[in-house]
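The values are calculated or read from the model by the stated rules, or taken from the named source; none is laboratory data. Since the model is a prediction, treat every value here as computed from it, not as a measurement. All Cβ positions, even for glycine, are placed from backbone atoms using ideal geometry, and neighbour counts span all protein chains on display.
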Amino acid sequence: MHVFLTGATGWVGSAVVDELLKAGHRVAGLARDKGKAEALAAKGAAVVEGSLENLDVLRRAASAADAVIHTAFNHDFSKFAESAAQDQRVIDALGSVLEGSDRPLIVTSGLSGLPRGATEADLPNPASARKSEAAARALAERGVRVATIRLAPSVHGLGDHGFVPMLIRLAREKGVSAYIGDGQNCWAGVHRLDAARVYRLVLEAGATHSVYHAVAEEAVPFRAIAQAIGRRLGLPVEPREREHFGWFAGFAGGDMSVSAARTRALLGWEPTGPGLLADLDQPNYYTV
């Protein structure tokens, strides 16, 4: 299958590229950085030069593909609303050229805005800034075969530059590895390579369901995450008020635990990578 992939040089997308190529699929990946484009080409993928701002480029690449996977998202949280609006435009542009065909579009979202213990059938709070799923549902109403993969807040592994490294940097800066309240709010977690397999399995299954959860560990207590970081950095582990975390307080104090039972049953997916706390016990996790 010929797959067009946005975010092909990113943390999750690059693992999806490897997974698809290993399974014998042909991949065309979006890249705007010359060095990353060269690395993508060296893997054996075709390079589509451009960025998320180039909607015409995205439409052409999607038109030429048998399937499209959208993993790209601008994670500059200082302008999150703008990034969410851009994400909506990109999803709509990709879906517009798949309408009337049976070619699948797989988009990416997160768990924020979902109730504790949510299943794949639950919908996010409509007030959530990120509108990936709303855009996907709008396309489905137009007859596009579209599915959303919800990623755990921690997609971990060596080289991680997501939420957990943010916590590590904050602990170093503040001299304490902190949590909010009793720290029993939970995060879901998934190893990067396990998440990549979910994308491949959803693609090969035909994206027949609207939502899948790329979640290996459904509920890791935030306090346990803070303790693992504190132990490795030799720092105290203590509760702090929300102000300690700044803009990140919503994530640090949020409960982003869900069920992935339906996804496992639908795809026959069994995660094999290390868990989040096991990853955090590796010294190399603290060298970035």
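Quick look at the numbers
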{"item": "Whichever residue in the stretch 95-129 is farther than 19 Å from Leu201 by Cα and in contact with a Phe, Trp or Tyr (Cβ under 9 Å, 6 or more places away or on another chain) and, among such residues, is modelled with the highest pLDDT", "result": "Leu111"}
{"item": "Hey, Gly44 touching a helix residue (DSSP H, G or I) at 6+ places or on another chain (Cβ under 6 Å) and free of Cβ contacts under 8 Å to residues at least 40 places away in the same chain or not", "result": "yes"}
{"item": "Within the stretch 133-149, considering residues that are more than 16 Å from the chain's Cα centre (by Cα) and among the charged types (D, E, K, R), the one farthest from Ala85 (Cα to Cα)", "result": "Arg145"}
{"item": "Hey, Ala45 assigned by TED's automatic domain parsing to the domain that holds Ala85, more than 24 Å from Val190 (Cα to Cα) and of a type outside the set (D, E, K, R) or not", "result": "yes"}
{"item": "Subset of the stretch 14-45 that is small (Gly, Ala, Ser) and touching a strand residue (DSSP E or B) at 6+ places or on another chain (Cβ under 6 Å) - its residue that is farthest from Leu94 (Cα to Cα)", "result": "Ala41"}
{"item": "Failed criterion for Ala67 (all others in (1) over 18 Å from the mean Cα position of the chain (by Cα); (2) without any contact (Cβ under 8 Å) to a residue 12 or more places away in the chain hold)", "result": "(2)"}
{"item": "Residue match in the stretch 193-201 (condition: under 20 Å from His156 (Cβ atoms), modelled with pLDDT of 95 or more and in contact with a Cys (Cβ under 8 Å, 6 or more places away or on another chain))", "result": "no"}
{"item": "Yes/no for Gly50 being without any contact (Cβ under 8 Å) to a residue 24 or more places away in the chain and loosely packed, with under 14 Cβ neighbours inside 10 Å", "result": "no"}
{"item": "Every pair of residues 6+ apart whose Cβ atoms lie under 8 Å, when the first sits in the stretch 1-28 and is more than 22 Å from Asn54 (Cβ to Cβ) while the second is in a helix (DSSP H, G or I) and of a type in the set (Gly, Ala, Ser)", "result": "Ala15/Ala195; Ala15/Ala196; Asp18/Ala196; Glu19/Ala196"}
{"item": "Positions within the stretch 238-271 being loosely packed, with under 15 Cβ neighbours inside 10 Å, within 23 Å of Thr119 (Cβ to Cβ) and at pLDDT 95 or above, in sequence order", "result": "Ala261, Ala265, Gly268, Glu270"}
{"item": "Number of the exception - Phe248 against (1) over 30 Å from Leu139 (Cα atoms); (2) assigned by TED's automatic domain parsing to the domain that holds Gly110; (3) of a type in the set (Phe, Trp, Tyr)", "result": "(2)"}
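For every residue, the table says whether it meets (1) at pLDDT below 95; (2) acidic (Asp, Glu); (3) in the same structural domain as Ala8 (by TED's automatic domain parsing); (4) surrounded by fewer than 18 Cβ atoms within 10 Å (Cβ to Cβ).
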{"site": "Gly24", "(1), (2), (3), (4)": "no, no, yes, yes"}
{"site": "Arg32", "(1), (2), (3), (4)": "yes, no, yes, yes"}
{"site": "Ala62", "(1), (2), (3), (4)": "no, no, yes, no"}
{"site": "Ile69", "(1), (2), (3), (4)": "no, no, yes, no"}
{"site": "Asn74", "(1), (2), (3), (4)": "yes, no, yes, yes"}
{"site": "Arg89", "(1), (2), (3), (4)": "no, no, yes, yes"}
